Amino acid sequence: MTQSNYKPPIVLVIGGHDPSGAGIQADIETCNAMKCYPVSIVTCTTNQNLKNLICVSSCLTSEVLATIDTALEEFSPNACKLGMIGSSDLAIGLGQLIQKKLKSIPIVVDPILAAGSGKNIADQELIDAYLKYIFPQATIATPNFDELCKLGGSPDSKDSISSILESGCQALLATDIKPQHPKITNYLYRSEKKSLYYEMARYQGLYHGTGCTLSSGIAAQLALGEDIETAIKKAQKFTHLAVKRAINFGLSQKIPNRLNQ
């Protein structure tokens, strides 16, 4: 068997480990499915299942940043996806590292503020650090409705959108902005362009790791060279199909099927 000369685009995925399959596992599966090579950095470990989050154990900021530095000695990523950060100290460090070493590539930020089971995992210091250090480096952020309101410090989503874009974030994909609506509705906002919206079917039940799948899908498509609008469309289609074909173990949530597309 001869070796292949194919070199897939590289996506640097930074996030938390979830033993139930969201977080960094969802990132890796999505990147692999989209023919990209994930270089994974773990920011924290979680004691959780599909039903309940017990606790989050953050990795030392110095160790996370050193691990990224070591990876970057050999790998040259084409895009980066930030998932769960875990602490304001790490958010500050990541923002500074991106500014120095990753400024030339697309940065996708999925601001994880609560576990899939609903438990809050972010304090005000971390939220402030997102606005000051992370969003100014972001090509696109992908908060859901609850995250959007928390990040903007307002129950009015319009005020929150303005706050995030004014921080320097280039684009904002507000996901599932109408949680009670029969269809899932996502809105794309950019400072100098007309907003766009996307609708897709809402399937019954709960699905674990859909936000991770969507955001890492956008990062993978950007790594493949797609523009932001095309990347969003392809990532949404991928996520929708993963949910439609979800794995059902008969547990409290279903698992998006990222590997059977």
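The values are calculated or read from the model by the stated rules, or taken from the named source; none is laboratory data. This is a predicted model, so every value here is computed, not measured. As a convention, Cβ positions derive from the backbone with ideal geometry for all residues, glycine included, and neighbour counts pool all protein chains shown.
If a residue has to be assigned to a helix (DSSP H, G or I) and either among the hydroxyl-bearing types (Ser, Thr, Tyr) or surrounded by fewer than 21 Cβ atoms within 10 Å (Cβ to Cβ) (or both) to count, how many in segment 132-147 make the cut?
The total comes to 5.
Any residue in segment 93-109 that is among the charged types (D, E, K, R) sitting within a Cβ distance under 9 Å of a residue that is outside any loop (DSSP other than H, G, I, E, B) and surrounded by 18 or more Cβ atoms within 10 Å (Cβ to Cβ)? List the pairs, counting only those 6 or more apart or interchain.
What qualifies is Lys101/Ile68; Lys103/Gln137.
Cβ-Cβ distance below 8 Å, separation of 6 or more or different chains: which pairs start in segment 150-174 with a residue that is within 19 Å of Thr185 (Cα to Cα) and end on one that is among the basic types (Lys, Arg) and at pLDDT 90 or above?
Cβ pairs passing all conditions: Ala171/Arg190; Leu172/Arg190.
Let me spell it out: the conditions are (1) surrounded by fewer than 23 Cβ atoms within 10 Å (Cβ to Cβ); (2) under 20 Å from Ile24 (Cβ atoms); (3) in contact with a Leu (Cβ under 8 Å, 6 or more places away or on another chain), and Asn120 meets all of them except one. Which number is the exception?
(2)
Identify the single condition in (1) within 16 Å of Gly217 (Cα to Cα); (2) of a type in the set (A, V, I, L, M, F, W, C); (3) out of contact with any Pro (no Cβ under 9 Å at 6 or more places or on another chain) that Val13 does not satisfy, given that it satisfies every other one.
All conditions pass for Val13, except number (3).
Quick one: what pairs do we get from segment 180-192, first residue closer than 14 Å to Ile232 by Cα, second not aromatic (Phe, Trp, Tyr) and not in a strand (DSSP E or B), C-beta under 6 Å, 6+ apart or different chains?
Thr185/Ile177; Thr185/Lys178; Tyr187/Ile177; Tyr189/Ile161
What number of residues in segment 175-205 are in contact with a Lys or Arg (Cβ under 7 Å, 6 or more places away or on another chain) and outside any loop (DSSP other than H, G, I, E, B)?
Residues in segment 175-205 being in contact with a Lys or Arg (Cβ under 7 Å, 6 or more places away or on another chain) and outside any loop (DSSP other than H, G, I, E, B): 6 in total.
Please determine, by comparing only the residues of segment 157-174 that are out of contact with any strand residue (DSSP E or B) (no Cβ under 8 Å at 6 or more places or on another chain) and in a loop (DSSP other than H, G, I, E, B), which one is surrounded by the most Cβ atoms within 10 Å (Cβ to Cβ).
The selected residue is Ser167.
Farther than 23 Å from Ala235 by Cα and among the β-branched types (Val, Ile, Thr): does that describe Ile98?
Yes.
Go over the candidates Lys51, Lys100, Lys81 one by one and state the one that is of a type in the set (Lys, Arg) and in a strand (DSSP E or B).
From the options Lys51, Lys100, Lys81, the qualifying one is Lys81.
Report whether or not Leu65 is of a type outside the set (Phe, Trp, Tyr), surrounded by fewer than 21 Cβ atoms within 10 Å (Cβ to Cβ) and within 20 Å of Ser104 (Cα to Cα).
yes
Could you count how many residues in segment 1-28 are over 14 Å from the mean Cα position of the chain (by Cα) and in a strand (DSSP E or B)?
1
What tally of residues in segment 54-84 results from selecting those that are aliphatic (A, V, I, L, M), more than 18 Å from Ile28 (Cβ to Cβ) and touching a Cys at 6+ places or on another chain (Cβ under 8 Å)?
Selection size over segment 54-84: 1.
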